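**Student:** My structure is below; once you've seen it, I'll send some questions.
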Amino acid sequence: MVLEKINSRKNDDLSKRIDKNKLPEHIAIIMDGNGRWATRRGLPRSFGHKRGVSVLKEILRTSKDLGCKVLTVYAFSTENWARPTKEVEYLINLFNVVLRNEIEELHQESIKIKFIGDLTPFPDSLKNIIYSSESLTKNNSSFLFNICVNYGGRQEIVKVAKELALKSFSGEINPSEVNEELFNSELLTQGIKDPELLIRTSGEKRISNFLLWQLAYSEIYISDVLWPDFNKFEFLKAIIDYQSRDRRFGGIESLSNESFEDSQYSS
Ligand code: FPP
């Protein structure tokens, strides 16, 4: 109880430092470290995934309450099939159970759910709950929650290349018309603004095949905290760090053409 009060005060203090006018609209997260969290405690890896769900719920609510618009999480990559069958089955069952338990509340909160990835290999029971969740929440407009499952960034880019090649072949488009806009329109995230901020937990400094196209200009925040220990406080820290960045998109903000001294580069 005392600890809860202290944590709540720490969160309030940090919340006050957030500039509501400079919020990232779209945040993407690689939730990493579930297995290590459990192993370090002598527990089966599944405990880390289970606890990871509670953290996800807290971060989803926090980002919505702050005023962000979209949260995209990497829940299962195309590479995750290489894990032991028992762990894969556990994760599939976890998605199923969590969705069934949470969907009504998410809907009440006007959250729209979208699954991104190739759903084909998943069992019908999971596919059915995914389709019904997407359908139930499709008109919700207060927040978009994207869950990437059996998702791979390279696979997505290949899919787009194939679609565009087919359209060129059938004469629907002229190959010379292919540009970033057309490419965007074939992505699984079409219509969704690219993430301004990518958070990865557990200290790993990799993108791991996540949203390769969409993260081109995103700010990256690496937290050393393992996902099951991540919380509102750590999330607010990530946003404050993001707000301190100078986002230039390859340009320069403070130097005008006139003030550029090329003499410093001439011999
Ligand atoms: C990475 O940690 C985590 C995952 C592969 C699974 C993440 C899934 C959840 C938190 C459940 C989400 C649920 C819904 C319904 C969206 P890891 O296992 O790779 O950890 P390690 O690197 O320490 O082994």
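The values are calculated or read from the model by the stated rules, or taken from the named source; none is laboratory data. What you see is a predicted model, and the numbers here were worked out from it, not measured in a lab. Cβ sites come from the backbone with ideal geometry, for glycine too, and all protein chains shown count toward neighbours. All accessible areas refer to the heavy atoms of the entire protein, side chains included, with ligands and DNA or RNA removed. Shrake-Rupley method; radii C 1.70, N 1.55, O 1.52, S 1.80 Å.
**Student:** Under the condition of being small (Gly, Ala, Ser) and touching a strand residue (DSSP E or B) at 6+ places or on another chain (Cβ under 7 Å), which residue from the range 209-227 is farthest from Lys69 (Cα to Cα)?
**Tutor:** Step one: of the range 209-227, the residues small (Gly, Ala, Ser) are 216, 218, 223.
Retained after the next criterion (residues that are touching a strand residue (DSSP E or B) at 6+ places or on another chain (Cβ under 7 Å)): 218, 223.
Working: Ser218: 16, Ser223: 22 Å.
Ranking the candidates gives Ser223 first.
**Student:** Another question, then. Would you be able to tell me the number of residues in the range 179-208 that are out of contact with any strand residue (DSSP E or B) (no Cβ under 9 Å at 6 or more places or on another chain) and surrounded by 12 or more Cβ atoms within 10 Å (Cβ to Cβ)?
**Tutor:** 6
**Student:** Could you tell me whether any residue of the range 225-248 is at positive phi, open to solvent by 50 Å² or more (accessible area, probe 1.4 Å) and modelled with pLDDT under 95? Write out each step before concluding.
**Tutor:** First, the residues of the range 225-248 that are at positive phi: none.
The answer is no; no qualifying residue exists.
**Student:** Show the residue pairs meeting these rules: Cβ distance below 7 Å; 6+ apart or different chains; first residue within the range 155-176 and part of a helix (DSSP H, G or I); second residue among the small types (Gly, Ala, Ser).
**Tutor:** Pro175/Ser168
**Student:** Here's something else I'd like to know. Of the residues Arg40, Arg51, Arg45, Arg36, which single one is modelled with pLDDT of 95 or more and either in contact with a Pro (Cβ under 6 Å, 6 or more places away or on another chain) or aliphatic (A, V, I, L, M) (or both)?
**Tutor:** Values: Arg40 fails: either in contact with a Pro (Cβ under 6 Å, 6 or more places away or on another chain) or aliphatic (A, V, I, L, M) (or both); Arg45 fails: either in contact with a Pro (Cβ under 6 Å, 6 or more places away or on another chain) or aliphatic (A, V, I, L, M) (or both); Arg36 fails: either in contact with a Pro (Cβ under 6 Å, 6 or more places away or on another chain) or aliphatic (A, V, I, L, M) (or both).
One residue alone meets the criteria, Arg51.
**Student:** With the requirement that a residue be hydrophobic (A, V, I, L, M, F, W, C) and part of a loop (DSSP other than H, G, I, E, B), what does the range 1-38 give you?
**Tutor:** Matches in the range 1-38: Met1, Ile18, Leu23, Met31.
**Student:** Same structure again: Name the residues in the range 95-104 that are touching a strand residue (DSSP E or B) at 6+ places or on another chain (Cβ under 9 Å) and within 19 Å of Asn150 (Cα to Cα), would you? Step through it out loud before you land on a result.
**Tutor:** First pass over the range 95-104, keeping only residues touching a strand residue (DSSP E or B) at 6+ places or on another chain (Cβ under 9 Å): 95, 99, 103.
Phe95, Leu99, listed by residue number.
**Student:** Kindly provide the set of residues from the range 139-194 that are of a type in the set (Gly, Ala, Ser) and under 29 Å from Ala75 (Cβ atoms), ordered by number. Give the derivation first.
**Tutor:** Applying the first criterion (of a type in the set (Gly, Ala, Ser)) to the range 139-194 yields 141-142, 152-153, 161, 165, 168, 170-171, 176, 185, 191.
Ser141, Ser142, Gly152, Gly153, Ala161, Ser185, Gly191, listed by residue number.
**Student:** Of the conditions (1) more than 9 Å from the ligand (Cβ to nearest atom); (2) touching a residue at least 12 places away in the same chain (Cβ under 8 Å), Met31 satisfies every one except a single condition; which number is it?
**Tutor:** Failing condition for Met31: (1).
**Student:** I'm trying to understand the selection: among the residues of the range 182-215, which are among the charged types (D, E, K, R) and part of a loop (DSSP other than H, G, I, E, B)? So that I can check it myself, show each step before the final result.
**Tutor:** Looking only at the range 182-215, we keep the residues that are among the charged types (D, E, K, R), and these are 186, 193-194, 196, 200, 204-206.
Answer for the range 182-215, where residues must be among the charged types (D, E, K, R) and part of a loop (DSSP other than H, G, I, E, B): Glu186, Lys193, Asp194, Glu196, Glu204, Lys205, Arg206.
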